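Taking it in order: structure first as structure tokens, then the write-up.
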Amino acid sequence: MINLETPKKFRLFVQQANQVADNFLRSNSRKYDLAEHEYPKELDLLASLVDGMSDSGQSQGAGATGVRRDEDDEDPTSDTVKKGKVKNGTNMSSVLSVIEMCWGDVGLLLSMPRQGLGNSAIASVATDEQLERFKGTWAAMAITEPSFGSDSAAITTTAVKDGDAYVLNGEKIFVTSGERADSVVVWATLDKSLGRAAIKSFVVPKSLPGIRVERLEHKLGIRSSDTAVIVLEDCRVPAENLLGSADVDPKQGFAGAMATFDNTRPLVAAMAVGCARASLEGIRELIEEAGVVIDYDRPVSVQSHSAATFIQMEADWESALLLTLAAAWMADNREPNSMEASMAKAKAGRIANDITLRCVELAGTLGYSETEMLEKWSRDSKILDIFEGTQQIQQLIVARRLLNLTSTELR
Ligand SMILES: Cc1cc2nc3c(=O)[nH]c(=O)nc-3n(C[C@H](O)[C@H](O)[C@H](O)COP(=O)(O)OP(=O)(O)OC[C@H]3O[C@@H](n4cnc5c(N)ncnc54)[C@H](O)[C@@H]3O)c2cc1C
């Protein structure tokens, strides 16, 4: 089903993304790791270039909006479906560009103006009218609260309809780009007693009264990315900023809100694949300089420990890449991909943690030193196994799908 080679039509695009990642992200990587919370101003120019490409239709899904599924994609009677054609579309190109950018720097990719996780949420579930209205906004995504992380059905932030607005109250923590973004996609419940079906997401411009950034977090990795606590106090949000349908349909349950994750999890998997590749390339250079020969034609059992470990890590990395491409390919070809998106996220998050740390180990004292980037990549990769659903939560989702059990039956 999947060819591991980059589709021909994206090869030049991937090359260009790699050059951009090298010039704008890798070259500023250490600077903003050390200067936590400082705004990476170099990204403004890059973001303008991406905007320009999007406006001229040349972006090929380079940014967060690339995850939108065309209307034609959803229509089983469309020509593409009827003719059985397969395609590599914007989900595939987004994943490919995110891999390159995170080879450059994960934190800086997360700091790209107008390319937040909230933008992906808007692209995934907004109506065409909303998409047009929110064009150009930089949107963070706020689900997590002090009382829960993984169990997103436990949302306590409330949204109460009052005339032509919803009044939002609650506290959101660990919001990526929460300070720098100009709007936040806030998940809130219309009525806690109605359970998951009443959870909706709202685009909340930060210019509105009643929303404020309380503080920023200091973190292990991705230090160039700002992570904020956001408080909503009687914040009146226009009713038309509710994403998707306002109806509370118990049969639909959480499906609407969760659809976002089918598109964003492959992107986070792609971040992990990119970061792990940076480490693999880094360690390869170091061990080869030290005289280690990596020989794919001989069994690993007769090679040095470093060479054998490298080959094993590379095989793991390839399987994560394959799962990530598969999940994106399915989205482009309008196949339901919830399980594959979770498989990709689980595998890629785990191998990225594993590979980046083992590369630190293989490089010895150099691996632990700030003269190399290996120690940074091992810190940066940790989050990729946590946000957008932890390793354990992805495994739970995959198990539910395989065993055909609901979230109440298997928790
Ligand atoms: C740097 C950073 C950036 C973030 N950015 C965002 C953001 O932009 N927006 C946002 O909304 N959130 C964000 N988060 C929050 C992130 O999504 C949560 O941390 C994550 O969902 C896990 O929640 P938790 O930390 O409360 O852990 P918990 O849910 O308390 O889990 C703790 C541990 O228990 C495990 N666990 C939990 N439930 C189960 C279960 N049923 N079965 C097995 N194991 C289980 C988890 O896997 C984890 O290992 C960010 C977090 C960080 C650290």
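Given the condition more than 16 Å from the ligand (Cβ to nearest atom) and surrounded by fewer than 22 Cβ atoms within 10 Å (Cβ to Cβ), answer yes or no: does some residue in the range 338-350 qualify?
yes
Residue pairs, Cβ under 8 Å, 6 or more apart or interchain, first in the range 202-213 and over 13 Å from E171 (Cα atoms) and in contact (Cβ under 8 Å) with a residue 60 or more places away in the chain, second assigned to a loop (DSSP other than H, G, I, E, B) and open to solvent by 20 Å² or more (accessible area, probe 1.4 Å). List them.
Here the result reads V203/F134; V203/T137; P205/T137; P205/D182, each pair linking the range 202-213 to a residue that is assigned to a loop (DSSP other than H, G, I, E, B) and open to solvent by 20 Å² or more (accessible area, probe 1.4 Å).
Y39 is checked against (1) assigned to a helix (DSSP H, G or I); (2) at pLDDT 90 or above and fails just one. What number does that condition carry?
Tallying (1) assigned to a helix (DSSP H, G or I); (2) at pLDDT 90 or above, Y39 fails exactly one: (1).
Restricting the first residue to the range 396-410 and requiring it to be open to solvent by 50 Å² or more (accessible area, probe 1.4 Å) and at pLDDT 95 or above, which pairs with a second residue that is more than 13 Å from the ligand (Cβ to nearest atom) and part of a loop (DSSP other than H, G, I, E, B) meet a Cβ separation below 9 Å and a spacing of at least six or different chains?
Note: pairs meeting the criteria are R400/T406.
Within the range 102-131, can you find the residues that are within 12 Å of the chain's Cα centre (by Cα), assigned to a helix (DSSP H, G or I) and not small (G, A, S)?
C102, V106, L109, L110, L117, N119
Would you mention how many residues in the range 282-318 are in contact with a Leu (Cβ under 8 Å, 6 or more places away or on another chain) and open to solvent by 40 Å² or more (accessible area, probe 1.4 Å)?
2
What pairs come up if the first residue lies in the range 177-191 and is in contact (Cβ under 8 Å) with a residue 60 or more places away in the chain, the second is surrounded by 23 or more Cβ atoms within 10 Å (Cβ to Cβ) and aromatic (F, W, Y), and their beta carbons are under 9 Å apart, counting only those six or more places apart or on different chains?
Taking only residues 6 or more apart or on different chains, the pairs are V184/F202; V185/F202; W187/F202.
Residues in the range 174-193: is at least one assigned to a strand (DSSP E or B) and either charged (D, E, K, R) or in contact with a His (Cβ under 9 Å, 6 or more places away or on another chain) (or both)?
no
Going by the structure shown, is R236 modelled with pLDDT under 95 and among the basic types (K, R)? Show your work before the answer.
Numbers: modelled with pLDDT under 95: no; among the basic types (K, R): yes.
For R236, the condition - modelled with pLDDT under 95 and among the basic types (K, R) - is not met.
Any residue at all in the range 378-387 that's more than 13 Å from the ligand (Cβ to nearest atom), in contact with a helix residue (DSSP H, G or I) (Cβ under 6 Å, 6 or more places away or on another chain) and open to solvent by 50 Å² or more (accessible area, probe 1.4 Å)?
Filtering the range 378-387 for residues more than 13 Å from the ligand (Cβ to nearest atom) gives 378.
Subset that is in contact with a helix residue (DSSP H, G or I) (Cβ under 6 Å, 6 or more places away or on another chain): 378.
Among the residues that remain, those that are also open to solvent by 50 Å² or more (accessible area, probe 1.4 Å) are: none.
So far as the range 378-387 goes, no, none of its residues is more than 13 Å from the ligand (Cβ to nearest atom), in contact with a helix residue (DSSP H, G or I) (Cβ under 6 Å, 6 or more places away or on another chain) and open to solvent by 50 Å² or more (accessible area, probe 1.4 Å).
Which one of these is open to solvent by less than 10 Å² (accessible area, probe 1.4 Å) and within 16 Å of the ligand (Cβ to nearest atom): V185, V237, V213, V231?
V185
Can you name every residue in the range 137-147 that is within 20 Å of A239 (Cα to Cα) and either open to solvent by 50 Å² or more (accessible area, probe 1.4 Å) or away from the ligand (no atom under 11 Å from the Cβ) (or both)?
T137, W138
G221 is checked against (1) among the small types (G, A, S); (2) open to solvent by less than 20 Å² (accessible area, probe 1.4 Å); (3) more than 11 Å from the ligand (Cβ to nearest atom) and fails just one. What number does that condition carry?
Checking G221 against (1) among the small types (G, A, S); (2) open to solvent by less than 20 Å² (accessible area, probe 1.4 Å); (3) more than 11 Å from the ligand (Cβ to nearest atom), the one that fails is (3).
Pairs please, first residue from the range 344-373 and within 14 Å of L321 (Cβ to Cβ), second anywhere and of a type in the set (S, T, N, Q) and at pLDDT below 95, Cβ atoms under 6 Å, 6+ apart in sequence or on different chains.
Pairs found: none.
Taking the condition open to solvent by less than 40 Å² (accessible area, probe 1.4 Å), more than 16 Å from the ligand (Cβ to nearest atom) and either closer than 30 Å to V125 by Cα or within 20 Å of the chain's Cα centre (by Cα) (or both), does A246 pass?
When the stated conditions are applied, A246 does not pass them.
When you check S407 against the structure, is it within 16 Å of the ligand (Cβ to nearest atom), in a loop (DSSP other than H, G, I, E, B) and within 22 Å of T144 (Cβ to Cβ), yes or no?
Yes: the conditions hold for S407.
Just a yes or no: is a residue in the range 293-301 out of contact with any Cys (no Cβ under 9 Å at 6 or more places or on another chain), in a helix (DSSP H, G or I) and over 30 Å from G195 (Cβ atoms)? Walk me through it before giving the result.
If we filter the range 293-301 for residues that are out of contact with any Cys (no Cβ under 9 Å at 6 or more places or on another chain), which is where we start, we get 293-301.
From the residues that got through so far, the ones that are in a helix (DSSP H, G or I) too are 300-301.
Next, from what is left, pick out any that are over 30 Å from G195 (Cβ atoms): 300-301.
Scanning the range 293-301, I find at least one residue that is out of contact with any Cys (no Cβ under 9 Å at 6 or more places or on another chain), in a helix (DSSP H, G or I) and over 30 Å from G195 (Cβ atoms), so the answer is yes.
Consider the range 316-351. How many of its residues are charged (D, E, K, R), under 15 Å from E388 (Cβ atoms) and modelled with pLDDT under 95?
Going through the range 316-351 one residue at a time, the tally reaches 0.
S150: under 23 Å from D262 (Cβ atoms), among the polar types (S, T, N, Q) and surrounded by fewer than 14 Cβ atoms within 10 Å (Cβ to Cβ), yes or no?
yes
Against the condition under 29 Å from E335 (Cα atoms), surrounded by 18 or more Cβ atoms within 10 Å (Cβ to Cβ), aromatic (F, W, Y) and touching a residue at least 24 places away in the same chain (Cβ under 8 Å), how does F13 come out, does it pass? Walk me through how you get there before you give the answer.
Values: under 29 Å from E335 (Cα atoms): yes; surrounded by 18 or more Cβ atoms within 10 Å (Cβ to Cβ): yes; aromatic (F, W, Y): yes; touching a residue at least 24 places away in the same chain (Cβ under 8 Å): yes.
Yes, satisfied.
Please determine whether any residue of the range 162-175 is open to solvent by less than 10 Å² (accessible area, probe 1.4 Å), within 11 Å of the ligand (Cβ to nearest atom) and basic (K, R).
Within the range 162-175, one or more residues are open to solvent by less than 10 Å² (accessible area, probe 1.4 Å), within 11 Å of the ligand (Cβ to nearest atom) and basic (K, R).
The values are calculated or read from the model by the stated rules, or taken from the named source; none is laboratory data. Model, not experiment: these values are computed from the prediction. Note: ideal-geometry Cβ built from the backbone for every residue, glycine included; neighbour counts use all protein chains shown. All accessible areas refer to the heavy atoms of the entire protein, side chains included, with ligands and DNA or RNA removed. Shrake-Rupley method; radii C 1.70, N 1.55, O 1.52, S 1.80 Å.
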